[in-house]
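Notes follow the structure.
The values are calculated or read from the model by the stated rules, or taken from the named source; none is laboratory data. Note that the structure is a prediction, hence the values are computed from the model and not measured. Every residue, glycine as well, gets a Cβ built from its backbone with ideal geometry; the counts of neighbours run over all protein chains shown.
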Amino acid sequence: MGLLIGGALVGGAGWEWWRLHRQPPMEVLQGNLALLDDLAETIIPATDTPGAKAAGVGAAIFTLVRDCADKKTQNNFIEGLQDVIQKSKQLYGKPFGECSQAQREQLLDSIESAGQAGGLVGKVRKRLTGDSFYTTLKKYTVLGYCTSKPGATEAMRYDYIPGKYVGSLPLQPGQRSWSTR
Amino acid sequence: MGDPAQDIHLNIKAKEQHTYDVIVIGSGISGGWAAKELCEKGLKTLVLERGRDVVHVRDYPTALLNPWEFEHRLQNPEKDRNENPVQSTAYDEGNKHFFVSDKEHPYIQASPFNWIRGYQVGGRSLTWGRQCYRLSDLDFTANAKDGVGVDWPIRYSDIAPWYDYVERFAGISGQKEGLLHLPDGEFLPAMEMNSLERHFKDTVMKKYPGRCVTMGRTANLSAGVGGRGPCQYRNLCSRGCPFGGYFSSNSATLPAAMATGNLTLRPFSIVTEILYDQEKKRATGVRIIDATTHQTVEYYAKIVFLNASTIGSAAILLRSKSGAFPNGMGNSSGQVGHNLMDHHFRVGAEGIYKGLDDEYYSGRRPNGIYVPRFRNLDAATNRKDYLRGFGYQGIGYRKIWMDTGESMQGSGAKFKDQLTKPGPWSLWLSAWGETLPYYDNFIELEEGQKDQWGLSLVKVHFSWRDNEKAMRKDMQASAVEMLSQSGFENIDPFDFHPVGGDCVHEMGTARMGNDPAHSVLNRWNQLHEVKNVFLTDGSCMTSSACQNPSLTYMALTARACDFAVTALKKGDL
C-alpha cells in the first residue's frame, strides 16, 4: 500500500531519481570487461602503435568507474553499456565486439552527438544527473590509455628521469607529444 | 601517587633525562631550520613532531613510480573525496600519504576554511610549492603607511643578511632583476624559459615599462648544493625527491642538525601546552601526549621554539593557560589566534598562442615564470580601488592529452593521432594576492569538542573582504590585458573563488610588533611576555605581502636562533 501510494505520487520523477541514486549494478560492469576493451579500442585503435585493448584500458575503465565515479555517473555508465549492447544488435545484428571498426565508430559517434550539451545546460545537467555514459567513456579511455605504459611510452614520448630542461627545441615532423608534464 | 619517595626519585631521574637546552615544536620548514641552527650552535636540541617519522628517500614510497603503477592513475577515488573532503583537494594518489586524515584530525569551520596539513617529520616542507621570494621595505612599511594592523618591528635591512644566509644553504634558483620591491637573492642558475614564455616576457616588458617577467625563483636545485641534487626535472616533487632535488626539512635541515650529534627527534609527540614558571616568568618546558600511547610526558629546556605552523602554534599558546596567562601564554594583547591571513589566488586568465608550431621543449620543469607586483609601488602605479598588490605565476606549455582529450570529438585512428600530437601553445597566468590582516579572521578553541587526545578542536573564522575582492577584479583583468597585448587568442579569464586556506599560506596568528599591547612577538620573534619562547613560523607575520612566504620564515628563524643563542651565552635568557 505504502509503495503504491509513493509510486502514484512521485510517478516518473521518482523513477528518474531512483535510476540515478540506486546502488549501481556493478556486476554488469564486471561482466562486460571485454566490451569495455572493445569500446576503448574503437576510440583508440591499434595503428603503428598499440591500441587501447593492448594497453589494458578496459580494466582501467572498470577500476576508475568503480572507485572514482560518483553514483549517478556509475548508473549512467552502466545503463549506457546496456544501451550499446542493444543498439549494436538493432543496427548491425551482432554484438558490438563483432562489428567492424567503421560500424563501431559510427555507433559511438551517434551516442556522442546525441549527448552533446555544452555551456550552462551541460553544466547544470552534469550537476543534477552526473556525467553521461559517453563523457565517462571518453574521459577514462583517454586517461587509461595515456597513462598506460604502451600509451605513454609508445604512442607518446615518456622520459622517466629527464635530468635537464631545455626550453626550446625544434619539433620534428610527426613527433609525438610528451605524455607527462 | 603510590610511594611518594619513589615518585620523587622517578621524577628527578625523569627530569634529568628529559632536559635539553632547547625544545623545538614542529619539524616543518621553520622547525627544521630552528633545529639545524640551534644544533650547529652547540645546543642539545629536542625536536617534537606530532606525526610519524619520514626519513629522506627511505620513506618516499611513490617517488619512482610510473603513472601506470597507480591503481587510479593519480585520480582520487570517491572514497577519498568523501572521507577527506579538505585534504583531498590538495593531494593525489602520488602524495596522499603526506597529508593528514580529515577524520582523524577534525577542526571546525565556522566559515569555509580548508586547513591543509601534513603531520609528519618534515611537515609540509615535503609537499610545498617551493617558490621563494624576498619581502622588501614596500612590504615591511606597508602597514604603517596604510594604517592597517600594526607596523612591522623590522625592516628589510634587518632580514636581508638572513635571506642571504638561508638561500645559500637551501639552494634557490632564480634570475637577478635588480628590483627594489622584489630584492635579488643568492641564486643558483635560473631555469630556462621556453619559447612562448620568452615571447611573453619580451612583449610585456616592451609594452609595459616598469613591469618585469622573470623566471620563477624556486627551492629546486638547478645545481647541486652540499651533496643534494641537482634537480632531475621530473616534476614529482611532492612525493619526496630521492635525488634531494628540492629543499625540505627531511633532505636538508634535519640531516644537518642530526650530523652535529646534538639532535633528539621525537615523533608522535603532540604538544598540549608550554609550561610556565610564574615566579621566574619563564617557560620551563612543554607537556606532550604521545600520539600512539596517549601517555603524558614533560620535557624541560631553557628555550622553546614554537614552529607548529600558524594555526597549530596559536592553538598551543591558547592551550597554555596559567595564573599569569588565563587567556593563553603571551596573550595579554588578545591578539593570539587573530589576524589570520592566507593569500587569495586562483584568479587570472589563460590564452592560446597561434604560432611557434615547430617549437617544443624537453624535461619537466618544476617551476614557471613570475610577474612581480606592479601595483601600488609608487604614485604612478597607485590604485584607488584597493591597497597592496599581487604577483603572477605563469606557465607556457603545449597542450597534451590531459588538456584536450575529454573535449576532443570523434574516435578511431584520426582521434588517436590528434590525441598524441603536441597541441597548441597556451599560457596560464594566475595571480597570488596580498590579504590584509583582519582581527576577526581568527582561530579559537572550541572547549566543548575534543579530538581523540582530549584536546579542544580548533575553530576557524575566515572571509575575504572588500580589499581582496576589488583586487581580484584587477588580477583577472590585468591577466587578460597582458595576454591580449601579447598576441594571445581565445583568452579564458578564470576565478575559482578559493576559500581561506586553499593557498596553504596561513599566517598572522601571533603577529610581530613593537607594542606589547597590540602584538604578540617582538622584533626577535620572542613572545613579548615570555622571553624564552620564540615563534618563527607563519604565525609571526604582521602582514602577508603577496610573495610566497616560506623563505621569509626560514630567514626569520635563522635570525631568531642567532639572537637566542647569543642572548643565552650572555646570560640574558
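Just a yes or no: is a residue in region B:246-256 part of a loop (DSSP other than H, G, I, E, B) and crowded, with 24+ Cβ neighbours inside 10 Å? There is at least one residue in region B:246-256 that is part of a loop (DSSP other than H, G, I, E, B) and crowded, with 24+ Cβ neighbours inside 10 Å.
Does region B:510-569 hold any residues that are of a type in the set (Val, Ile, Thr) and within 30 Å of residue B:346 (Cα to Cα), and which are they? Write out each step before concluding.
Filtering region B:510-569 for residues of a type in the set (Val, Ile, Thr) gives B:520, B:530, B:533, B:536, B:542, B:552, B:557, B:565-566.
Listed by number, the residues that qualify are B:536, B:542, B:552, B:557.
The set of residues in region B:304-335 being among the aromatic types (Phe, Trp, Tyr) and over 25 Å from the mean Cα position of the chain (by Cα) consists of B:325 alone.
For region B:75-118, the candidate set comprises residues that are polar (S, T, N, Q) and touching a Leu at 6+ places or on another chain (Cβ under 9 Å); within that set, the residue that is farthest from the other protein chains (Cβ to nearest Cβ) is B:95.
Here is a yes/no grid of residues against (1) buried (at least 20 other Cβ atoms within 10 Å of the Cβ); (2) under 21 Å from the mean Cα position of the chain (by Cα); (3) among the charged types (D, E, K, R); (4) within 15 Å of residue B:219 (Cβ to Cβ):
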site: B:125; (1), (2), (3), (4): yes, yes, no, yes
site: B:128; (1), (2), (3), (4): yes, yes, no, yes
site: B:149; (1), (2), (3), (4): yes, no, no, no
site: B:171; (1), (2), (3), (4): yes, yes, no, yes
site: B:191; (1), (2), (3), (4): yes, no, no, yes
site: B:194; (1), (2), (3), (4): yes, no, no, no
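When you scan region B:237-254, do you find a residue that is within 13 Å of another protein chain (Cβ to nearest Cβ) and either more than 30 Å from residue B:39 (Cα to Cα) or at pLDDT below 95 (or both), even just one? No, region B:237-254 contains no residue that is within 13 Å of another protein chain (Cβ to nearest Cβ) and either more than 30 Å from residue B:39 (Cα to Cα) or at pLDDT below 95 (or both). Pairing residues of region A:13-36 that are closer than 16 Å to residue A:132 by Cα with residues that are assigned to a loop (DSSP other than H, G, I, E, B), at Cβ distances under 8 Å and at least 6 apart in sequence or on separate chains, gives A:20/A:130. When region A:127-155 is examined, which residues are found to be among the hydrophobic types (A, V, I, L, M, F, W, C), under 15 Å from the mean Cα position of the chain (by Cα) and at the interface with chain B (Cβ under 9 Å from one of its Cβ atoms)? Within region A:127-155, A:142, A:143, A:146 qualify.
Is it true that some residue in region A:160-172 is of a type in the set (Val, Ile, Thr), in contact with a Lys or Arg (Cβ under 9 Å, 6 or more places away or on another chain) and at pLDDT below 95? Step through it out loud before you land on a result.
Initial filter on region A:160-172 (of a type in the set (Val, Ile, Thr)): A:161, A:166.
So of that shortlist, the ones also in contact with a Lys or Arg (Cβ under 9 Å, 6 or more places away or on another chain) come out as A:161.
Pick out the ones that are also at pLDDT below 95 and you get none.
No, region A:160-172 contains no residue that is of a type in the set (Val, Ile, Thr), in contact with a Lys or Arg (Cβ under 9 Å, 6 or more places away or on another chain) and at pLDDT below 95.
Highlighted here are the strands (runs of 3 or more DSSP E) found entirely within region B:359-411 that include at least 3 residues which are touching a residue at least 12 places away in the same chain (Cβ under 8 Å) and either more than 8 Å from chain A (Cβ to nearest Cβ) or within 25 Å of the chain's Cα centre (by Cα) (or both): B:369-371, B:390-398.
Give region A:156-170 a look and list any residue that's assigned to a loop (DSSP other than H, G, I, E, B) and either more than 7 Å from chain B (Cβ to nearest Cβ) or under 25 Å from residue A:46 (Cβ atoms) (or both), or say none. Let's see the steps before the verdict.
Applying the first criterion (assigned to a loop (DSSP other than H, G, I, E, B)) to region A:156-170 yields A:156, A:158-165.
Of everything in region A:156-170, those that are assigned to a loop (DSSP other than H, G, I, E, B) and either more than 7 Å from chain B (Cβ to nearest Cβ) or under 25 Å from residue A:46 (Cβ atoms) (or both) turn out to be A:156, A:158, A:159, A:160.
For region B:557-572, filtered to residues that are surrounded by fewer than 20 Cβ atoms within 10 Å (Cβ to Cβ) and of a type in the set (A, V, I, L, M), the residue that is farthest from residue B:133 (Cα to Cα) is B:568.
Every listed requirement among (1) within 25 Å of residue B:558 (Cβ to Cβ); (2) among the acidic types (Asp, Glu); (3) assigned to a helix (DSSP H, G or I) is met by residue B:177 save one, (3).
Where residues in region B:173-184 are in contact with a strand residue (DSSP E or B) (Cβ under 6 Å, 6 or more places away or on another chain) and surrounded by 19 or more Cβ atoms within 10 Å (Cβ to Cβ), which of them is nearest to residue B:369 (Cα to Cα)? Ranking the candidates gives B:174 first.
For region B:526-573, the set of residues classified as in contact with a helix residue (DSSP H, G or I) (Cβ under 8 Å, 6 or more places away or on another chain) and hydroxyl-bearing (Ser, Thr, Tyr) consists of B:536, B:539, B:542, B:543, B:550, B:552, B:553, B:557, listed by residue number. When region B:74-105 is filtered for residues that are in contact with a Cys (Cβ under 8 Å, 6 or more places away or on another chain) and either assigned to a loop (DSSP other than H, G, I, E, B) or in contact (Cβ under 8 Å) with a residue 12 or more places away in the chain (or both), the ones remaining, listed by number, are B:75, B:76, B:77.
Can you pull out the residues in region B:412-433 that are within 10 Å of chain A (Cβ to nearest Cβ) and crowded, with 16+ Cβ neighbours inside 10 Å?
Let us first name the residues in region B:412-433 that are within 10 Å of chain A (Cβ to nearest Cβ), namely B:412-417, B:419-423.
Passing the criteria: B:412, B:415, B:416, B:419, B:420, B:421, B:422, B:423.
State yes or no: is residue B:197 under 16 Å from residue B:488 (Cβ atoms) and assigned by TED's automatic domain parsing to the domain that holds residue B:396? Criteria met by residue B:197. For region B:56-73, filtered to residues that are without any contact (Cβ under 8 Å) to a residue 40 or more places away in the chain and buried (at least 16 other Cβ atoms within 10 Å of the Cβ), the residue that is farthest from residue A:152 (Cα to Cα) is B:72. Answer with yes or no whether residue B:21 is more than 14 Å from chain A (Cβ to nearest Cβ), touching a Lys or Arg at 6+ places or on another chain (Cβ under 6 Å) and not in a helix (DSSP H, G or I). Here the answer is yes, as residue B:21 does meet what is asked. Looking only at region B:140-161, how many residues end up being over 13 Å from residue B:556 (Cβ atoms) and in contact (Cβ under 8 Å) with a residue 40 or more places away in the chain? Within region B:140-161, residues that are over 13 Å from residue B:556 (Cβ atoms) and in contact (Cβ under 8 Å) with a residue 40 or more places away in the chain number 7. Within the bounds of region B:491-509, is there any residue that is free of Cβ contacts under 8 Å to residues at least 60 places away in the same chain and among the hydrophobic types (A, V, I, L, M, F, W, C)? No, there is no match, as no residue in region B:491-509 is free of Cβ contacts under 8 Å to residues at least 60 places away in the same chain and among the hydrophobic types (A, V, I, L, M, F, W, C).
If the condition is being buried (at least 24 other Cβ atoms within 10 Å of the Cβ), within 28 Å of residue B:281 (Cβ to Cβ) and in contact with a His (Cβ under 8 Å, 6 or more places away or on another chain), then region B:520-556 contributes B:520, B:521, B:538.
Just to be sure before I move on: is residue B:121 surrounded by 18 or more Cβ atoms within 10 Å (Cβ to Cβ), away from chain A (no Cβ under 14 Å) and touching an Asp or Glu at 6+ places or on another chain (Cβ under 6 Å) in the structure I sent? If you could, list the steps in order and put the result at the bottom.
On the way: surrounded by 18 or more Cβ atoms within 10 Å (Cβ to Cβ): yes; away from chain A (no Cβ under 14 Å): yes; touching an Asp or Glu at 6+ places or on another chain (Cβ under 6 Å): yes.
Yes.
Scanning region B:451-479 for residues that are among the aliphatic types (A, V, I, L, M), surrounded by fewer than 19 Cβ atoms within 10 Å (Cβ to Cβ) and not in a strand (DSSP E or B) yields B:455, B:470, B:477.
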